[in-house]
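Everything on this sheet refers to the single structure shown next.
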Amino acid sequence: MSAPVEIGETSVPRLPRHVKLRFDAARGAWVVLAPERVLVPDEIALEIVRRCDGVTTVGTIVDQLAAKYGAARDEVAHDVVEMLQDLADKGVIAA
Amino acid sequence: MSDLAPPMALLAELTHRCPLQCPYCSNPLNLERAAGELDTAAWMRVLDEAAALGVLQVHFSGGEPTVRRDLEALVAHAAGLGLYTNLITAGVLLDEPRVTALAAAGLDHVQLSVQDHAAPGADRIAGFRGSHARKLAAARLVRAAGLPLTVNAVVHRQNLDHLEAIIDLAVALGASRLEVAHVQYYGWALRNRAALMPTRAQLERATAAVTAARVRLKGVLVIDYVVPDYYARRPKACMGGWGRRFLNVNPVGRVLPCHAAETISGLTFESVTERSLAEIWADSDAFRRFRGTEWMPEPCRSCDRREIDWGGCRCQAFALTGRATATDPACALSPDHAAMLTVAAAESAGDAPPFAYRRFGGAETEPEAPAHAF
């Protein structure tokens, strides 16, 4: 059995083997494909999920997004961790 | 219909052949025989057309899809098209070379059915001695091959009290998801309804068990669970709405808006042997008939949930009222809702009759009353 994942700034998130991020030409949108689920991430979610490469830490993702959007790091960190924890609980993200 | 969105998922029912004989099988009462099945080339063309149409996920199902020796070739073809591939299987025919070959072909995910938490109850429901042990072995092979596993448990009055043990089994097998699917009553299941309908008390215990397990197993096991229609107050958005997200190609190539759609008389279904999937999706009578909200009667037509539940299930409405355009009786606003509840209460309170097992050429009634197995 798998153990629960707790996301923090040192976590290194990745998409597990059974989850795929790909561009769908028919809809002109990025989609996340998982068992019995298709997620269509919004712009911010896509920015986060695309960085889940099994190398980049959550802390680095937060730094990058805070810089890109000129937002307060605390707020970005809260949002990123919350979203990744939710996706991890659903099995869409591993770390 | 120029703004018609493409379908998300294709259910590819490769065959109706299956070694199991579950009395709630979702296949029609009139099963298609092997001689009429689409060949490999035809299925590959269907996959090509599905991908071009915008389908993202393909579910290889049946019957039992592993009876087809070309399954690996079809999985590889789908994976090559960028489709997300899911195998819906009973598992009893899977051995190590087969699982290895499917993983190598690019299979993304396996959904394995279990009939109960343990034999002999599971074997009795499946009508196949030794099936449960084979399923456990198949689950281990799937996990050893690195494939993610969903366990699918169809639940009813004869196994619902074992739900906690079924949840424990899913965890022990290394599943990351468990689908707890209450029986839906059309076709074989409608015929066996009195043998399958749970009591409300059973249902409430099961719902509480799922609620507790979701907390306990957060991050370990995702549990999909929906309250069954007969005890619901609002209908489910069957198929995400008729002809909106989903299409099903049956073993001989007929294209259906849902796997049970052929239970509705008066609909004609077109075949991939005659027209393209895109044309059938957009233009066929069967897909257009209940798409959107124009077909709806009251109280659906003016209901603020009409684009949430899309009127519920057409097959159920037809099965219970004889009118496919009726409001789904699962809805408390339906004039047929009270009768549905009465049926559920009466049938679940009586003794369970023997199963009528799913067989080619008609059902076979269980030889003994079920009491011996429990």
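Read-outs throughout are calculated quantities, based only on the coordinates presented, and are distinct from any laboratory measurement. Source: prediction; values computed, not measured. Heads up, the Cβs are rebuilt from the backbone with ideal geometry, glycines too, and the neighbour counts pull from every protein chain shown.
The orientation-averaged shadow of the Cα convex hull for segment A:44-95, equal to a quarter of the hull surface, comes to 3.2 nm². Under a model in which nothing but the beta-carbon of Lys, Arg (+1) and Asp, Glu (-1) is charged, segment B:31-161 shows a dipole of about 420 debye around its Cα centre. Working note: Cα atoms of segment B:152-192, range along each principal axis, descending, whole Å: 34, 18, 10.
Each pair of Cα atoms in segment B:269-318 enters the Kirkwood radius, and Stokes-Einstein at 10 °C and 1.306 mPa s then converts it into a translational diffusion coefficient of 129 µm²/s.
Here the spin labels are modelled as points 7 Å beyond Cα on the Cα-Cβ line, and at B:Asp3 and B:Thr365 they lie 5.5 nm apart. If you take the Cα centroid of segment B:329-354 and the Cα centroid of segment B:233-268, the two points sit 23 Å apart. Once the Cβ-Cβ distance between A:Ala26 and B:Ser265 is put in as r, and R0 is 30 Å, what FRET efficiency do you end up with, to the nearest 0.05? Using R0 = 30 Å, I get an efficiency of 0.35. Across segment B:170-184, coupling constants 3J(HN,Hα) worked out from phi with the 6.51/-1.76/1.60 Karplus curve, θ = phi - 60°, read 4, 5, 4, 7, x, 6, 9, 9, 10, 9, 9, 10, 5, 4, 10 Hz, and Gly and Pro carry x. As a proxy for reagent exposure, ranking B:Thr268, B:Thr89 by other Cβ atoms within 10 Å from fewest up yields B:Thr268, B:Thr89.
With K and R counted +1 and D and E -1, the other residues having a Cβ less than 13 Å from that of B:Ala317 yield a net charge of 0.
Considering only B:Gly292, A:Pro41, B:Gly322, whose Cα is most displaced toward the positive end of the charge dipole of the protein assembly as shown, charges sitting on Cβ of Lys, Arg (+1) and Asp, Glu (-1)? Going by the charge dipole, the pick is B:Gly322. Within segment B:136-238, the trypsin sites (Lys or Arg not before Pro) that combine a DSSP coil assignment with at most 10 other C-beta atoms in a 10 angstrom radius are B:Arg233.
Summing Lys and Arg as +1 and Asp and Glu as -1 over all other residues whose Cβ lies under 10 Å from the Cβ of B:Asn86 gives a net charge of -2. Calculate the tail of P(r) for segment B:114-153: the fraction of all Cα-Cα distances greater than 17 Å, expressed in %. Within segment B:114-153, distances greater than 17 Å cover 30 percent of Cα pairs. Equivalent ellipsoid of segment B:86-127: semi-axes from √(5λ) of the C-alpha gyration tensor, largest first, are 25, 11, 7 Å. Here chain B is scanned for GluC sites (Glu not before Pro) in DSSP loops (not H, G, I, E, B) that have at most 16 other Cβ atoms within 10 Å, and the longest stretch holding none of them is B:1-273.
Eight or more residues apart or on different chains, and alpha-carbon atoms under 23 Å: count the Lys pairs in the protein assembly as shown matching that.
Number of lysine pairs found: 4.
Per residue, chain B reaches -9500 deg cm²/dmol at 222 nm when only DSSP H runs of four or more residues are counted, each adding -39500 (n - 2.57).
Measuring max minus min along each principal axis, the C-alpha atoms of chain A give extents of 37, 35, 20 Å (largest first). Here, P(r) means the percent of Cα pairs in each 10 Å bin from 0 to the largest distance; for the protein assembly as shown it is 4, 19, 29, 29, 15, 4, 1, 0. Here the 3J(HN,Hα) profile of segment A:79-95, calculated from phi with Karplus coefficients 6.51, -1.76 and 1.60 at θ = phi - 60°, is 5, 5, 5, 4, 5, 5, 5, 4, 5, 5, 5, 8, x, 8, 10, 10, 7 Hz, Gly and Pro shown as x.
Give me the base-10 log of I(q)/I(0) for segment B:1-151 at each q in 0.15, 0.16 Å⁻¹, Debye formula, one uniform scatterer per Cα, rounded to two decimals. Result of the Debye calculation: -0.78, -0.88.
Which of the listed residues, A:Ala67, B:Tyr24, B:Val249, is farthest toward the dipole's positive end in the protein assembly as shown, when Lys, Arg count +1 and Asp, Glu count -1 at the beta-carbon? Towards the positive end, the residue furthest out is B:Tyr24.
Between B:Ala278 and B:Asp161, the simple label model (points 7 Å from Cα in the Cβ direction) yields a spacing of 5.6 nm. Residue by residue, segment B:77-87 carries 3J(HN,Hα) couplings of 5, 5, 4, x, 8, x, 6, 7, 10, 10, 9 Hz when phi is fed to the Karplus relation 6.51 cos²θ - 1.76 cosθ + 1.60 (θ = phi - 60°); x denotes Gly or Pro. Using only alpha-carbon positions in segment B:75-195, the gyration tensor eigenvalues give semi-axes of 26, 16, 13 Å once each is multiplied by 5 and square-rooted (largest first).
Over segment B:15-94, what portion of Cα pair distances is larger than 16 Å, expressed as a whole percent? Across segment B:15-94, Cα pairs with separations above 16 Å total 52 percent.
For chain B, taking Cα atoms only, Rg and Dmax work out to 20.0, 58 Å respectively.
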